[in-house]
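Below: the structure, in structure tokens.
No lab work stands behind these numbers, since they all come straight from the coordinates. Just so it is clear, the model here is predicted, and its values are computed rather than measured. FYI the Cβ positions are ideal-geometry reconstructions off the backbone, even for glycines, and counts take in every protein chain you see.
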Amino acid sequence: MSYQITISQSGREKIFQVETGADLLEIINKSDFYLPSYCGGQGICGKCRVLMRPEPEAKDPEREMLSSQEIQVGVRLACLHQVESDLEIEIEEGGEINILTGEEEVSCSLSPGWQQSYLKIEEPELYDQRSYLTRVFEKAGCRSIEPRALDRLEDIVEGKFGPMGKGSDNNSRSKSTQALAAVIQDEKVVDLRSADRPGRLLGAAVDIGTTTLVFYLLDLESGRQLAVDSAYNPQKKFGADVITRVQHTQGNPEGINELRDTLVKALNRGLVDTAAKVGSGTDDIYRLTLAGNTIMLHTLLGKDCEKIARSPFVPLFSEQLSFRPEALSLKLNPGGEVELLPSISGYVGADITADMLATGVGDSPEYQLLIDIGTNGEIALGRNDKIYACSVAAGPSFEGGNISSGMAALPGAVDSFKVFDDDLEYTTIKKEKPRGICGSGLLDLIGGLLEIGIITETGALQQPGSMPEFWQKRYQELEEVKALKLFSEGESQGEREIYLTQKDIRQFQLAKGAIRAGIEILQQEADISKEEIKDVYLVGGFANYLAPEMACRIGMVPEVLSDRIQQAGNGAGAGARMMLLNRKLAEKARELKEKTSYLELSSNMKFQEEFTSQMSF
Ligand code: FES
């Protein structure tokens with residue numbers, strides 16, 4: 001039996017016919033609507049909230065994770081329900097996530113390995129029987145041609161672009177000539193056009209994040225950045241993080257193809273849209289560079305990534321690879337090239353190599369530290385002769401996952417707090433009423449509560465008797481868990497009370513402890529003091545919005561480095577663009593990979609000890 005499901009979000013509505021028993025979260029995820037699902041549908045994160053009509057009986061996990069007010073108005077967790085009747089589903093405003101695109105142009109010398117040359121070739125005559133192609137090769141300084149460009153030459157010779165014009169040369173003999181625009185890669189003619197209708201020579205760089213995709217379009221002749229676009233990574237429908245996506249492929253032979261096809265489709269859509277922004281088509285894009293974590297790059301190639309998820313965590317490839325667009329079904333000029341930046345290991349991906357290219361880590365005689373914070377925290381410490389890198393499981397806390405009132409950096413997320421004995425100031429994204437707390441807000445809140453003594457150095461929330469009156473009034477126990485109520489139902493969006501609980505603080509401690517322990521282990525491995533670290537680069541979305549002094553206050557970054565911190569924005573996007581503009585950086589990326597030693601921390605006893613001791617503030 002089939003039922004009608006109507007889904008709406010932000011004024012958009014779609015209707016689906018689905019069979020009885022169909023999984024509601026799966027239906028939403030396969031649509032174009034945004035619904036967070038951090039636990040991949042296991043019913044434990046409480047983030048897949050939707051408004052359902054008619055509302056089904058609330059299930060036990062919903063009674064634990066939703067307020068009675070929410071249950072009463074029909075809020076339910078999509079992953080816990082199957083379709084058993086016609087349904088109307090309303091998803092909260094998704095809004096545009098604050099995707100860190102890094103719109104500022106990158107600076108590096110221009111040497112993409114591609115050029116567009118204007119040539120004048122002469123019409124053959126009886127006394128000059130060189131072939132048309134010989135004439136092109138001689139003028140262009142080339143030795144080979146793509147079949148497609150040869151087709152174009154044939155069209156030009158046959159006058160499909162108009163008759164040959166009359167030109168003159170220094171022999172005083174009048175000759176017919178044709179002006180051509182040739183797109184050349186190294187010594188190969190890749191494309192040919194009539195010079196009065198030349199195309200553009202464009203390149204694209206994409207940062208393939210687990211959550212978001214960021215597209216950059218650049219002019220390969222001038223080096224100028226022409227357009228930037230971003231989108232969610234639609235693979236999210238298979239799980240919010242890389243591990244749940246890998247799980248989707250386990251015991252499911254079609255799983256990896258589904259991940260690949262979903263990503264390829266999104267990349268193609270992004271390339272088309274970004275090119276359209278400047279009035280071009282994807283045929284004008286000749287070079288594409290891609291940065292992303294190792295699992296994302298494996299899924300792009302449709303390669304098994306299961307081995308990365310289990311010991312000894314070995315990827316199929318980590319090298320820099322080049323492909324023709326058709327090999328990856330990507331839409332750019334068929335004669336173009338696609339280049340994947342090299343990864344370091346299964347959990348330190350090409351995004352980190354790109355971060356290093358962009359920040360210069362690994363290029364200086366002085367030690368520099370790079371911290372890329374997401375679900376995993378990737379950390380690199382090194383100088384021009386040696387780099388050490390590791391990955392730590394930071395958990396999704398910084399992105400709003402497994403935090404009772406946590407959320408992604410969407411409109412309405414509290415992104416900063418100022419904590420006082422008798423007041424709490426805050427700002428929200430897009431100045432909307434609070435809907436939840438995103439990573440930078442959580443950092444400010446916990447750091448601020450620590451400063452006024454409401455959270456102890458061990459991370460415990462004080463007893464209410466030891467709190468100033470303003471905070472005493474906010475103290476509650478939710479099923480025996482200590483909590484502070486930050487916003488009441490009336491103060492927030494969606495009739496939701498917003499809390500910080502003792503469990504949230506513990507989750508946060510796990511994340512910050514893991515990052516700090518990773519820094520300590522790398523420093524020990526490099527056998528240097530903290531004073532020898534001259535620069536600290538924080539990269540990635542959360543890192544870019546956090547307050548560096550708070551990162552030090554809570555001990556995520558050593559205090560002694562507080563005046564050396566730079567927020568480097570979307571380093572992966574910047575590195576991919578640099579590589580797009582300068583092909584020689586491919587060599588540098590390879591060198592970075594070669595001089596980086598990856599430290600596996602999952603079985604490292606010293607890391608476990610550090611982790612335990614770094615949990616405290
Ligand atoms: S609770 Fe539904 S996706 Fe996590």
P(r) over all Cα-Cα pairs of the stretch 2-91, 10 Å bins from 0 to the longest distance, whole percent per bin, short to long, reads 18, 55, 26, 0
By the Kirkwood definition, with r running over pairs of different Cα atoms, the stretch 439-545 has a hydrodynamic radius in Å of 16.2
Once phi for every residue in the stretch 413-419 is put through the Karplus expression 6.51 cos²θ - 1.76 cosθ + 1.60 (θ = phi - 60°), the whole-Hz ³J(HN,Hα) values, with Gly and Pro written as x, are 6, 6, 9, 7, 10, 10, 9
If the label point sits 7 Å along Cα→Cβ of E13, residues of the stretch 59-91 with amide N under 12 Å come out as 88-90
Over the chain, the sum of -39500 (n - 2.57) across DSSP H runs of at least four, divided by residue number and rounded to 500 deg cm²/dmol, gives at 222 nm -8000 deg cm²/dmol
Between E609 and D423, the FRET efficiency computed from the C-beta separation at R0 = 41 Å comes out, to the nearest 0.05, as 0.55
Output row, site F470, 7 Å Cα→C-beta label point, backbone N cut-off 19 Å, window the stretch 441-458, residues 441-456
By the Cα gyration tensor axes a ≥ b ≥ c (a/c under 1.5 gives rounded; else a/b larger than b/c gives prolate, otherwise oblate), the shape of the stretch 374-488 is prolate
Rounded to the nearest 0.05, FRET efficiency between I528 and E221 (Cβ-Cβ, R0 35 Å) equals 0.20
If R0 = 25 Å, then D151 and A327, at their Cβ-Cβ distance, give a FRET efficiency to the nearest 0.05 of 0.75
For the stretch 202-340, the dipole about the Cα centre with charges only on Cβ (Lys and Arg +1, Asp and Glu -1), to the nearest 20 debye, works out at 340
hull vol. (C-alpha, convex hull) per residue for the chain, Å³ -> 177
antiparallel share of DSSP beta bridges within the chain, to nearest 5, in %, is 70
Length-normalised contact order of the chain, Cα under 8 Å, at least 6 apart, in percent, tallies to 13
Shape descriptors of the stretch 258-311 over alpha-carbon atoms, Rg and Dmax in angstrom, are 14.0, 48
Sorted by chain and number, the residues with a modelled amide H under 5 Å from that of L478, at a separation of 5 or more or across chains, are A483
Kirkwood radius from Cα pairs of the stretch 388-434 plugged into Stokes-Einstein at 25 °C, 0.890 mPa s, gives D in µm²/s equal to 197
Expressed in nanometres to one decimal, the distance between label points 7 Å along Cα→Cβ at Q69 and K431 is 2.4
Residue ranges of DSSP H helices in the chain that stretch 24 Å or more (Cα, own long axis) and have mean Kyte-Doolittle hydropathy of at least -1.0 are 255-277, 502-526
Beyond 22 Å (Cα-Cα) in this structure, taken from K431/K473; K236/K265; K236/K431; K265/K303, we find K431/K473; K236/K431
Rounded to the nearest Å, the spacing of the alpha-carbon centers of the stretch 395-444 and the stretch 272-334 is 34
Mean separation of Cα contacts under 8 Å (at least 6 apart) over the residue count of the stretch 397-507, i.e. the relative contact order in percent, is 25
For the chain, any Cys whose C-beta has no other cysteine C-beta under 4.7 angstrom counts as unpaired, and these are C48, C79, C108, C142, C305, C390, C438, C552
Note, the stretch 57-62: 3J(HN,Hα) by Karplus (6.51, -1.76, 1.60, θ = phi - 60°), whole Hz, Gly/Pro = x, goes 4, 6, 8, 3, x, 5
